[in-house]
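What follows is a short report on a single structure.
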Amino acid sequence: MFFHLLRLSVDVVFVHINLLSLPSSLRQLQFFLFCCLAADVFSPSLLPGVELLLSLLFLEASAVKTTLTERRQNETCSLDSLFTADVTFVLCFPVRNRLREIVGASTNWSDHQQAMADRVSLSSMLAKSQQDLPARRMKDSYLEVHLPLGSEPQLREKYLTFHNTVRFGRILEDLDSLAVLISYSHTYNSALKRSPLSIVTALVDKIDMRHHVIYPDCDIKFSGRVTWVGRTSIEAKMHMSQYRDGAYAPVLDATFVMVARDPENKRAAFVNPLKADGPEEEKLLQEGEANKSRRVELSTASLLKVAPTDDERKIIHSLFLNTLDTNTVSFRSRVLPPNSVWMEDAKLKGLEICHPQERNIFNRIFGGFLMRKAYELGWANACSYGGCRPNLVAVDDILFQKPVEIGSLLLLSSQVCYTQGKYIQVRVHSEVFDPLTRQHNTTNVFHYTFISDRDVPNIIPKTYGESMLYLDGKRHFNQTVEP
Ligand SMILES: CCCCCCCCCCCCCC(=O)SCCNC(=O)CCNC(=O)[C@H](O)C(C)(C)COP(=O)(O)OP(=O)(O)OC[C@H]1O[C@@H](n2cnc3c(N)ncnc32)[C@H](O)[C@@H]1OP(=O)(O)O
């Protein structure tokens, strides 16, 4: 029934596009459907189809055409095809609606408890071991998603900065949603109506910018697939490109690590194994394995656990000597060297009240939203530090340590922690503050590397803690920029 309704809906859109071929006609149809929805014209059984039709109206005419042609060619087309990865979607509404469908999340906050309770029964569908799950290939999770900024001026508004570039924070949100959808495509089980897995973002391993400027009036294409899996974790690699001068040119490459949990998001849950098809995929798998080992090594050598290396100690001591007042014989009198800024003067803080609007499909705060807020604060800090608008060079090692509950007070604190020439390394730390118990709990740590259009002042640590921040920033900088 749902499939027939869906097919009928797609046909209606297709006919309208073909007959009228005008963007305004799409808006009229959209408006008409919204009015009908508002007037409660549709019976409850028709509502999902109408809502889906509304979201499909955001599709580019060409994307609808391709989708329809593909569907019509494939006579075995069923509801399953909506959950497999062979269709090109336009981002925002369809990707998020699709995620909501996959886990059965509520559309209204007032229903969220019921929706979560409904998910509890899915626990029995979880695999008892990874071997019980069929192996998947990389192409099973391959997804391509279009963001039609060039042809959809209304969509552009959401992405536009005052300086006529694209808000990178919005791109972070889209990448996060896409990584989740890719992971669900990998773990898709056609026998189940809903996925029993709750897939959350554990880590943004790396985002490398291959082009600093993102144009607000050119179409964007995202693509991605699963490139490595552990027992309960999934590595998804994504690429973003932008259409300019008749071709798509690369903008960024991103690697995210997602973790599968049970329906209540309480315990880890197994994911399907991954098998490589050919040498290129074999190489990706090995890279995934190497990435995991590198993460373990980095975490073991963390300055929160072990002392700095000999070279690092020398750096810190020489920075210290550089700040001593030569007129006094004292370890205490410190003087700021020329063209430098004390680290304590390169902070910027913010607060977010975590409203239900920013929830994800598991009724916690959406990881992409956290990344956007942290990025914007970090960017503003780098901007104020360098005295000009910096460009992003890399995002590295964003750790999602704990979920952020709806209603939390989220304190964000950004710090310029390392500088070199035109580069500014910024760390953003986020924590939730419970006003009743007065407890603080770290939820995330974000690392961003920016480049300014001129050399920036040197950042100088004063305390031992700041020196560790400096070394940590240097490690992240070397990892992202120097190679
Ligand atoms: C309804 C309205 C909806 C609107 C639409 C909204 C948009 C839709 C958006 C959709 C939703 C968008 C998505 C969102 O918004 S998700 C929201 C943002 N993310 C979070 O809130 C996650 C917060 N963190 C945690 O909950 C825990 O720390 C997790 C669960 C991540 C790990 O917990 P824990 O440490 O206890 O786990 P474990 O010891 O059992 O290990 C389990 C596995 O995890 C691997 N691991 C762990 N840490 C890391 C790491 N740092 N790097 C790499 N791997 C890591 C580990 O190796 C192991 O793998 P394996 O060896 O088994 O393979």
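The values are calculated or read from the model by the stated rules, or taken from the named source; none is laboratory data. This one's a predicted model, so the numbers in the text were calculated from it and none came from an experiment. Glycine also receives a Cβ, built like all others from the backbone with ideal geometry; neighbour counts cover every protein chain displayed.
Of everything in region 260-278, what is under 22 Å from the mean Cα position of the chain (by Cα), of a type in the set (D, E, K, R) and more than 10 Å from the ligand (Cβ to nearest atom)? Give them in sequence order. Correct list: D262, E264.
Do any helices (runs of 4 or more DSSP H) lying entirely in region 83-199 carry at least 2 residues that are in contact with a helix residue (DSSP H, G or I) (Cβ under 6 Å, 6 or more places away or on another chain), and which ones are they?
Answer list for region 83-199: 93-103, 168-186.
Cβ-Cβ distances below 8 Å connect the following pairs, each with a first residue in region 291-318 that is more than 28 Å from R334 (Cα to Cα), a second residue that is at pLDDT 95 or above and hydroxyl-bearing (S, T, Y), and a separation of six or more residues or different chains: N291/T255. Out of L197, L172, one residue alone is crowded, with 22+ Cβ neighbours inside 10 Å, over 30 Å from A127 (Cβ atoms) and at pLDDT 95 or above. It is L172. Inside region 114-155, residues that are surrounded by fewer than 16 Cβ atoms within 10 Å (Cβ to Cβ), basic (K, R) and more than 26 Å from K275 (Cβ to Cβ) make up a count of 0.
With respect to (1) surrounded by fewer than 23 Cβ atoms within 10 Å (Cβ to Cβ); (2) acidic (D, E); (3) in contact with an Asp or Glu (Cβ under 9 Å, 6 or more places away or on another chain), the lone exception for E235 is condition (1). Listed conditions (1) surrounded by 23 or more Cβ atoms within 10 Å (Cβ to Cβ); (2) within 14 Å of the chain's Cα centre (by Cα) are all met by T187, apart from (2). All conditions but one from (1) within 12 Å of the ligand (Cβ to nearest atom); (2) assigned to a loop (DSSP other than H, G, I, E, B) apply to G288; the one that does not is (2).
Cβ-Cβ distances below 7 Å connect the following pairs, each with a first residue in region 92-114 that is without any contact (Cβ under 8 Å) to a residue 24 or more places away in the chain, a second residue that is of a type in the set (A, V, I, L, M) and near the ligand (Cβ under 9 Å from one of its atoms), and a separation of six or more residues or different chains: S106/A115. When residues in region 318-356 are screened for being within 16 Å of the ligand (Cβ to nearest atom) and in contact with a helix residue (DSSP H, G or I) (Cβ under 8 Å, 6 or more places away or on another chain), 2 of them pass.
Condition check ((1) under 23 Å from R98 (Cα atoms); (2) among the hydroxyl-bearing types (S, T, Y); (3) at pLDDT 95 or above) across all residues:
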{"site": "F162", "(1), (2), (3)": "no, no, no"}
{"site": "Y188", "(1), (2), (3)": "yes, yes, yes"}
{"site": "V204", "(1), (2), (3)": "yes, no, yes"}
{"site": "C218", "(1), (2), (3)": "no, no, yes"}
{"site": "E235", "(1), (2), (3)": "yes, no, yes"}
{"site": "L252", "(1), (2), (3)": "no, no, yes"}
{"site": "E264", "(1), (2), (3)": "yes, no, no"}
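You will find that of D262, D245, the residue that is of a type in the set (D, E, K, R), surrounded by 16 or more Cβ atoms within 10 Å (Cβ to Cβ) and more than 21 Å from G224 (Cα to Cα) is D262 and no other. Go through the residues of region 365-379 one by one and say whether even a single one is outside any helix (DSSP H, G or I), within 13 Å of the ligand (Cβ to nearest atom) and crowded, with 23+ Cβ neighbours inside 10 Å. So far as region 365-379 goes, yes, one or more of its residues are outside any helix (DSSP H, G or I), within 13 Å of the ligand (Cβ to nearest atom) and crowded, with 23+ Cβ neighbours inside 10 Å.
For region 387-442, a residue qualifies if it is surrounded by 22 or more Cβ atoms within 10 Å (Cβ to Cβ), in a loop (DSSP other than H, G, I, E, B) and away from the ligand (no atom under 16 Å from the Cβ), and exactly one does: P390.
Using the structure shown, decide if K206 is part of a strand (DSSP E or B) and either within 16 Å of the ligand (Cβ to nearest atom) or not hydrophobic (A, V, I, L, M, F, W, C) (or both). So K206 passes the test.
For S299, the conditions (1) among the polar types (S, T, N, Q); (2) more than 11 Å from the ligand (Cβ to nearest atom); (3) more than 21 Å from T187 (Cα to Cα) are fulfilled apart from (2).
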